[in-house]
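Enquirer: Next up is a structure, given as C-alpha cells.
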Amino acid sequence: MPDEDNIKKIIDNSRIRNLKIFHDINLRKLLTFRINADISSLIIAEDTESLRNIIKYLIDNNIEYFILGGGSNTLINVQNKNIAIIKLGRFFDNIDFKEKESISCGAAYNTGRFVTECYKKSYNFAFLAGIPGTMGGAVSGNSGAKYNSICEFIDAIECLKIKTNNIILENHKLRKNDFGYRFLNIKNLIAITKIYLKKEQMEKELIFNEIVERIKNKKNAQPLNKFTAGCFFKNPLNANKTAAELIDALGLKGFRYGGAGISKKHANFIENYDNASPMDIYNLSKIVLGMVKDNFNIELENEVKLVGF
Ligand SMILES: Cc1cc2nc3c(=O)[nH]c(=O)nc-3n(C[C@H](O)[C@H](O)[C@H](O)COP(=O)(O)OP(=O)(O)OC[C@H]3O[C@@H](n4cnc5c(N)ncnc54)[C@H](O)[C@@H]3O)c2cc1C
C-alpha cells in the first residue's frame with residue numbers, strides 16, 4: 001500500500017472531472033464528534049460519474065476509501081493516514097415529489113430537511129426528526145426510532161455496486177432481508193446515490209404534533225447539544241435491558257477517559273468533553289465493551305462506524 005505522501009500524489013493525479021480534492025482537513029467540520037485533528041485526504045464527488053470513477057481509481061491504486069455522509073455516526077482514526085474520505089456533492093443534494101405517495105432524494109440530502117419537506121407534502125417521517133446527517137447515512141444504518149426505521153419505507157435505492165472488478169450503477173429493489181435493526185446489508189454495495197421511498201399521505205397537523213413530540217423527547221433524554229455521534233452501541237437483541245441501561249447499571253455515567261466521557265444524560269452516548277482524540281473515544285468504548293461483557297456476559301456491538309482503527 002502506498003504511504004501518505006504517495007497517496008496524496010496519486011489522488012492529485014487522478015484527472016477525474018467534477019472532483020474537489022482537499023488535503024489535511026480538520027475533522028471538526030466533518031464529524032459531529034468535532035474532533036480537532038486532521039485527516040489526510042477528502043474528496044468530494046460532485047456527480048455519479050465522478051463518484052464511480054474516483055472509487056474505481058482508488059481501488060485500482062490500492063488506496064482504502066470510506067464514504068462519509070454527515071459524519072454523525074462515525075469515528076475516524078486520524079493516526080491512520082492511508083484512508084481517503086469521500087463525500088457526495090451537490091448533485092446528490094435534492095428531493096423530488098413527482099408522483100403521489102412517492103418520494104425520491106439524493107443520498108447527500110440532509111435528514112432534517114427531508115423530515116420538514118416531507119411534512120410540507122403531508123408525508124410523515126417524524127420518527128427521523130432530530131436525527132442529524134444525510135439520507136445516505138440514514139439508509140446505510142437503517143436509522144430510526146423505537147418503532148420505525150427508514151428502510152421500511154424504501155422501495156428501491158440507486159447505488160454503485162462492484163461486480164467483477166467493475167463499478168456499475170444499479171437500481172436495487174429493497175427486500176425485507178436486506179435490512180434489520182440499524183443495518184443495511186446489500187451484497188457488493190459501494191455507495192448509495194439515490195433513495196426511492198413510498199409513503200401514504202396524512203393530515204399535516206398530526207405530523208407536526210408528532211415531530212414536536214419526538215424532538216421534545218429527544219431533547220429530554222439525549223445530550224443533543226454536546227459533541228457525540230448518537231448512541232455508541234446497538235441495543236442487544238436478546239437481552240431485557242438496553243445498552244444505556246447496562247452501562248448505567250455499571251455506574252459509568254460521567255466516567256472519563258482522556259478528553260472523552262460517558263454522557264451524564266444518556267449512558268449510551270460518548271461525548272467529546274475536552275479535545276478528545278479519536279483514540280480517547282475508541283479506548284473508552286473498549287472499556288465499556290469489556291465491562292459489559294465481564295459483568296453481564298453480553299457482547300455489545302458498535303452502532304458508531306469505526307474507520308481506520
Ligand atoms: C445527537 C444525535 C442523535 C442521534 N439520534 C439518532 C436516532 O435517534 N436514531 C438513529 O438511528 N441514529 C441517530 N443518530 C446517529 C446518526 O445521526 C444516524 O445514524 C445518521 O443517519 C447517520 O447519517 P450520516 O450521514 O451522518 O452518516 P455517517 O456518520 O456519515 O456515516 C454512517 C455510515 O453510513 C455510510 N454512508 C453514508 N453515506 C453513504 C452513502 N451515500 N452510501 C453508502 N454508505 C453511506 C458510511 O459509510 C457509514 O458507514 C444520532 C446522532 C447524533 C449525533
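Enquirer: For Met291, Met1, which order do you get if you count the other beta carbons within 10 Å of each Cβ and list the fewest first? Walk me through the intermediate numbers first.
Expert: Values: Met291 17, Met1 9.
Lowest to highest Cβ neighbour count: Met1, Met291.
Enquirer: Sticking with this one: Which shape class, rounded, prolate or oblate, goes with segment 1-59 when its Cα gyration tensor gives a ≥ b ≥ c as root eigenvalues, a/c under 1.5 marks rounded, and past that a/b bigger than b/c marks prolate?
Expert: Oblate.
Enquirer: Right, another one. Stretch Ser102-Ile59 to full length: gain in nm at 0.36 nm per residue minus the Cα-Cα span? Mind showing how you got there, number by number?
Expert: Numbers: separation 43, 0.36 × 43 = 15.48 nm, distance 3.52 nm.
Full extension from Ser102 to Ile59 adds 12.0 nm.
Enquirer: Something else: Tell me the mean residue ellipticity at 222 nm calculated for the chain from its helices only (DSSP H runs of n ≥ 4, each -39500 (n - 2.57), averaged over every residue, nearest 500).
Expert: On the way: 7 runs with 82 residues, N = 309.
Counting only the DSSP helices, I get -8000 deg cm²/dmol.
Enquirer: Could I ask something else about it? Might you report the magnitude of the Cβ-based charge dipole of segment 223-307 about its Cα centre, with Lys and Arg at +1 and Asp and Glu at -1, to the nearest 20 debye?
Expert: 140 debye
Enquirer: Which of rounded, prolate or oblate describes the chain when judged by the alpha-carbon gyration tensor and an a/c cut-off of 1.5? Display every interim value, and only then the final one.
Expert: Values: a/c = 1.73, a/b = 1.06, b/c = 1.63.
Oblate, because a/c is 1.5 or more while a/b does not exceed b/c.
Enquirer: Additional query: Under a Cβ-Cβ cut-off of 15 Å, what is the net charge of the residues other than Ala145 that fall near it, where Lys and Arg count +1 and Asp and Glu count -1?
Expert: Details: positive: Lys146, Arg182, Arg214, Lys216, Lys218, Lys219, Lys234; negative: Glu152, Glu210, Glu213, Glu303.
Here the count lands on +3.
Enquirer: Which net charge results for the neighbourhood of Ile211, defined as the other residues with beta-carbon distances under 12 angstrom from its beta-carbon, given Lys and Arg at +1 and Asp and Glu at -1?
Expert: +2
Enquirer: Choose one of Phe255, Ile7, Leu128: the residue whose Cα lies farthest towards the positive end of the charge dipole of the chain (beta-carbon charges +1 Lys, Arg; -1 Asp, Glu; about the Cα centre).
Expert: Farthest along the dipole direction, towards plus: Leu128.
Enquirer: Give, as a single signed number, the net charge of other residues whose beta carbon lies under 9 Å from the beta carbon of Asn171, with Lys and Arg counted +1 and Asp and Glu -1. Walk me through the intermediate numbers first.
Expert: Numbers: positive: Lys173, Lys194; negative: Glu158, Glu170.
Counting the neighbours of Asn171, the net charge comes to 0.
Enquirer: By how many nm would the segment from Lys9 to Ala37 lengthen if fully extended, with 0.36 nm per residue of separation less the alpha-carbon distance? Don't skip to the end; give the middle numbers.
Expert: Working: separation 28, 0.36 × 28 = 10.08 nm, distance 2.11 nm.
Value of the extension gain: 8.0 nm.
Enquirer: A follow-up question, please. Quick one: compute the contact order of the chain, relative version, from alpha carbon pairs under 8 angstrom and 6+ residues apart, as a percent. Don't skip to the answer; put the middle values down first.
Expert: Values: 622 pairs, mean separation 52.6, N = 309.
Dividing the mean separation by the residue count of the chain yields 17 percent.
Enquirer: Continuing with this model, one more query. Magnitude of the Cβ-charge dipole of segment 94-219, K/R +1 and D/E -1, about the Cα centre, nearest 20 debye? Mind dumping the intermediate values first?
Expert: Values: 21 positive and 14 negative charges, 65 e Å.
In debye, rounded to 20, segment 94-219 gives about 320.
Enquirer: Which is farthest toward the positive dipole end of the chain among Ile54, Ser149, Phe183, measuring Cα position about the Cα centre, with Cβ charges +1 (Lys, Arg) and -1 (Asp, Glu)?
Expert: The one lying farthest along the dipole's positive direction is Ser149.
Enquirer: Something else about it: How far is the Cα center of segment 1-70 from the Cα center of segment 143-183, in Å?
Expert: Cα centroid to Cα centroid, the span is 24 Å.
Readers should treat all values here as calculations from the given coordinates under stated rules, not as data from a laboratory. Values in this document were obtained by computation on a predicted structure and should not be read as measured data. Quick reminder, even Gly has a Cβ in these numbers, built from the backbone with ideal geometry, and neighbours come from all protein chains shown.
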